[in-house]
Amino acid sequence: MIDTSTSHLIPVENIQKARLVIKDVITHTPLVRNSNLSKKYESNIYLKREDLQVVRSFKIRGAYYKMSQLTKEEVAKGIVCASAGNHAQGVAMACAKLDINGVIFMPTTTPKQKINRVEHFGEGKVEIRMTGDTFDDSKTTAKAFAIEHNRSVIHPFDDADVIAGQGTLAIEVLEDAEVPIDFLLVSVGGGGLIAGMASYFKLLSPQTKIIAVEASGAPSLKAALDKGQVVVLDDIDGFADGIATKSVGEIPLNICKETVDQHILVPEGKMCATILSLYNDEAIVVEPACASTIAALDDLQEEIKGKNVVCVLSGGNNDITRMEEIKERALMYEGKKHYFIVRFPQRAGALKEFLGLLGPDDDIARFEYTKKTNRDSGPALVGVELKNPNDFEALVDRMSKAGIDFQHLNKSPMLFEMLV
């Protein structure tokens, strides 16, 4: 039982107030039981479809509520925020709705699709500045700019009003659910969404287990929970840009300490496989961060049998130009795509002999080779796609026994990124 006198949780009345403020601006997104996932996991899997939100993510909730609470003086000076994309869209829309001037700092790696949508929702009220390689780089620049120009910072997660706004999602889930919720899976970047939802659930649905889901390449909450305090990670994989942060917020961390029942790390490649599965099987378009909650179900397979499970689909801002990379990562995660540097003898028939080593269902997905003069052999980049990932070890064994000089690139990230 939560002791509200000493708890860090956002008060229920604050979340309910936020709901009243934002109700005419946001979409009350559906909570839908998914039959395919329910059958697969022998449970009742419900999807909270924030990918259908007006800005295609939950971020408008916290951004709008926070900005609605600014004083007249703060509004007159304007606001600043840093974002990898989704928070920026929420802030941009709030700027347009509330007639507030905003400067938004975004990482240079932000997908073009998200930049375009920030401009669209801002309706001329925001200026976008691209800076740094990660959200954390942009955050540092934004903070300095805010101090210099005396503007309010709209933090994406480490702010009580922002967290209260995100917590309105929990109100909708509990209103719409026709059964008690046994498990709630929420993706975590800075922690604002899970902090808001968990605050509400732990007080009004205490039997619900709160599951935090992070990207393996950016485990900032796990590091903080292990250490007992906010930890700044030295390096992260920015692929799942919606949840790729070097550190969680201090306010969310304190709430997570009280509320998170289980923590799951999901590899980025598994998120990619889930994105493709959702698109192909359900016609649902999600971004990597959003796919993480469904990808995490495998880790809970035994626990959730016969239970009622809610997966929050946090956003659907996925740039179509990333689909090739998503497919590539998915195939590699599943063990179906492998890249090699193969040193071929420069003689007729060498390639044909190599092809004879492949299985009947294997495919050459990439081949790059330039004949070198005055050399006995030359390297080629070879991409092999396997129908069955279990065939990989046998392929490598055949290549070794045939005396093929090769190097497997999948586990050499720097070399792989340079070549592929």
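Among the residues of the stretch 12-20, is any touching a His at 6+ places or on another chain (Cβ under 8 Å), of a type outside the set (A, V, I, L, M) and closer than 21 Å to L169 by Cα? Looking through the stretch 12-20, none of the residues is touching a His at 6+ places or on another chain (Cβ under 8 Å), of a type outside the set (A, V, I, L, M) and closer than 21 Å to L169 by Cα. Only one entry in P219, P206, P252 is more than 17 Å from I326 (Cα to Cα), under 12 Å from the mean Cα position of the chain (by Cα) and either modelled with pLDDT of 95 or more or of a type in the set (F, W, Y) (or both), namely P219.
The single residue among H8, H87 that is closer than 19 Å to V312 by Cβ and either touching a helix residue (DSSP H, G or I) at 6+ places or on another chain (Cβ under 6 Å) or not hydrophobic (A, V, I, L, M, F, W, C) (or both) turns out to be H87.
Being surrounded by fewer than 24 Cβ atoms within 10 Å (Cβ to Cβ) and either closer than 13 Å to D161 by Cβ or within 26 Å of the chain's Cα centre (by Cα) (or both) narrows it down to one residue among S57, S68; which is it? Please lay out each step first, then the result.
Numbers: S57 fails: surrounded by fewer than 24 Cβ atoms within 10 Å (Cβ to Cβ).
Of the residues listed, the single one that is surrounded by fewer than 24 Cβ atoms within 10 Å (Cβ to Cβ) and either closer than 13 Å to D161 by Cβ or within 26 Å of the chain's Cα centre (by Cα) (or both) is S68.
A quick yes/no check of all residues on (1) over 12 Å from L185 (Cβ atoms); (2) touching a Ser or Thr at 6+ places or on another chain (Cβ under 8 Å); (3) part of a helix (DSSP H, G or I); (4) polar (S, T, N, Q):
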residue: S247; (1), (2), (3), (4): yes, yes, no, yes
residue: L253; (1), (2), (3), (4): yes, no, yes, no
residue: E258; (1), (2), (3), (4): yes, yes, yes, no
residue: M271; (1), (2), (3), (4): yes, yes, yes, no
residue: I275; (1), (2), (3), (4): yes, no, yes, no
residue: L278; (1), (2), (3), (4): yes, no, yes, no
residue: V285; (1), (2), (3), (4): yes, no, no, no
residue: K305; (1), (2), (3), (4): yes, yes, no, no
residue: N317; (1), (2), (3), (4): yes, yes, no, yes
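Find the residue count for the stretch 171-201, including only residues that are surrounded by fewer than 24 Cβ atoms within 10 Å (Cβ to Cβ) and part of a helix (DSSP H, G or I).
Restricting attention to the stretch 171-201, the residues satisfying the condition of being surrounded by fewer than 24 Cβ atoms within 10 Å (Cβ to Cβ) are 171-183.
Filter once more, keeping what is part of a helix (DSSP H, G or I): 171-176.
Final tally of qualifying residues: 6.
Just one of the listed residues (V342, V266, V309) is out of contact with any Phe, Trp or Tyr (no Cβ under 8 Å at 6 or more places or on another chain), of a type in the set (V, I, T) and either within 30 Å of K411 (Cβ to Cβ) or surrounded by 23 or more Cβ atoms within 10 Å (Cβ to Cβ) (or both), and it is V266.
Within the stretch 362-412, being assigned to a loop (DSSP other than H, G, I, E, B), closer than 14 Å to K337 by Cβ and at pLDDT 85 or above holds for D362, L386, K387, N388, L409, N410.
Are any residues in the stretch 287-303 outside any helix (DSSP H, G or I) and surrounded by 20 or more Cβ atoms within 10 Å (Cβ to Cβ), and if so, which ones? I'd like the intermediate steps shown before the answer.
First, the residues of the stretch 287-303 that are outside any helix (DSSP H, G or I): 287, 301-303.
Answer for the stretch 287-303, where residues must be outside any helix (DSSP H, G or I) and surrounded by 20 or more Cβ atoms within 10 Å (Cβ to Cβ): just E287.
One line per residue, one yes/no per condition, for (1) within 24 Å of Q16 (Cα to Cα); (2) out of contact with any Gly (no Cβ under 8 Å at 6 or more places or on another chain):
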position	(1), (2)
F58	yes, no
R61	yes, no
Y65	yes, no
A82	no, yes
N86	yes, no
K97	yes, yes
G102	no, no
P111	no, no
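Per the listing G165, G90, the residue uniquely within 22 Å of the chain's Cα centre (by Cα), modelled with pLDDT of 95 or more and in the same structural domain as F201 (by TED's automatic domain parsing) is G165. Listed conditions (1) touching a strand residue (DSSP E or B) at 6+ places or on another chain (Cβ under 9 Å); (2) surrounded by 23 or more Cβ atoms within 10 Å (Cβ to Cβ) are all met by A218, apart from (1). For the stretch 41-63, the tally of residues that are assigned to a loop (DSSP other than H, G, I, E, B) and of a type in the set (S, T, N, Q) stands at 2.
The values are calculated or read from the model by the stated rules, or taken from the named source; none is laboratory data. This structure is a prediction, so every number in the text was calculated from the model and none was measured. Don't worry about glycine lacking a Cβ; one is built from the backbone with ideal geometry, like all the others, and counts go over all protein chains shown.
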